[in-house]
Amino acid sequence: MGERTPGGEGIVKFICDEQLGRLAKWLRIQGCDTVFQCPFPDDRLLRRAHDDKRTLLTRDRSLSSKTLWPVVFIKAVHFREQIKELRLKVRMPKASLFSRCLRCNTLIRPLPRSKAQDKVPQEVFDSYKEFFICRDCRQIYWKGSHVKNTEARLLELG
């Protein structure tokens with residue numbers, strides 16, 4: 001059975017099977033709305049993909065044949081190759097780096113610096129002016145050196 005991908009323009013939302021956790025994280029880093037949960041039984045995964053209108057990303061051929069919903073079979077094993085492969089198969093949205101929580105996939109929002117003071121290590125608070133928070137899981141983020149390193153890695157991927 002061939003791959004079924006979403007047609008037309010618009011926002012592409014993904015759901016990744018258990019074998020694609022690292023890809024899911026990197027898609028979230030790029031601002032893509034990406035659901036990943038482990039464990040995630042096949043029937044629940046397929047139902048969630050359909051209910052949320054998400055493109056299923058999977059390395060499991062049998063799973064990809066169980067649905068008529070949009071699915072992309074990922075052959076690559078390493079996440080860098082997976083990202084390249086996905087970019088060839090799906091029109092990816094313009095990156096909005098670090099706009100989603102890496103833990104729960106929720107959009108993050110600015111956090112007033114004064115509210116971050118007692119929630120981050122003092123050296124982090126002293127070193128950075130901007131902070132962001134996930135409204136769901138309350139994870140706090142800041143633009144440390146990892147941002148430039150991640151941007152460089154994504155540039156390498158094309």
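Counting the residues of the range 60-76 that are touching a helix residue (DSSP H, G or I) at 6+ places or on another chain (Cβ under 9 Å) and either farther than 19 Å from Lys13 by Cβ or without any contact (Cβ under 8 Å) to a residue 24 or more places away in the chain (or both) gives 6. Selection of strands (runs of 3 or more DSSP E) fully inside the range 43-158 by the criterion of at least 3 residues being in the same structural domain as Ala24 (by TED's automatic domain parsing) and surrounded by 12 or more Cβ atoms within 10 Å (Cβ to Cβ) returns 55-58, 71-73. Please specify each residue of the range 77-123 satisfying the condition of being out of contact with any helix residue (DSSP H, G or I) (no Cβ under 8 Å at 6 or more places or on another chain), farther than 21 Å from Lys53 by Cβ and of a type outside the set (D, E, K, R). Listed by number, the residues that qualify are Val77, His78, Leu88, Ile108, Pro110, Leu111, Pro112, Ser114, Val120, Pro121, Gln122. For residues in the range 25-42 being touching a strand residue (DSSP E or B) at 6+ places or on another chain (Cβ under 7 Å) and part of a helix (DSSP H, G or I), which is surrounded by the most Cβ atoms within 10 Å (Cβ to Cβ)? That would be Leu27.
Among the residues of the range 40-79, the ones that are modelled with pLDDT under 90 and of a type in the set (Lys, Arg) come to 2 in all.
Would it be correct to say that Arg22 is closer than 28 Å to Arg138 by Cβ and out of contact with any strand residue (DSSP E or B) (no Cβ under 8 Å at 6 or more places or on another chain)? For Arg22, the condition - closer than 28 Å to Arg138 by Cβ and out of contact with any strand residue (DSSP E or B) (no Cβ under 8 Å at 6 or more places or on another chain) - is met.
The values are calculated or read from the model by the stated rules, or taken from the named source; none is laboratory data. Please read these numbers as outputs of a predicted model, since none were measured by experiment. Here Cβ is always computed from backbone atoms with ideal geometry, including for glycine, and neighbour counts include all displayed protein chains.
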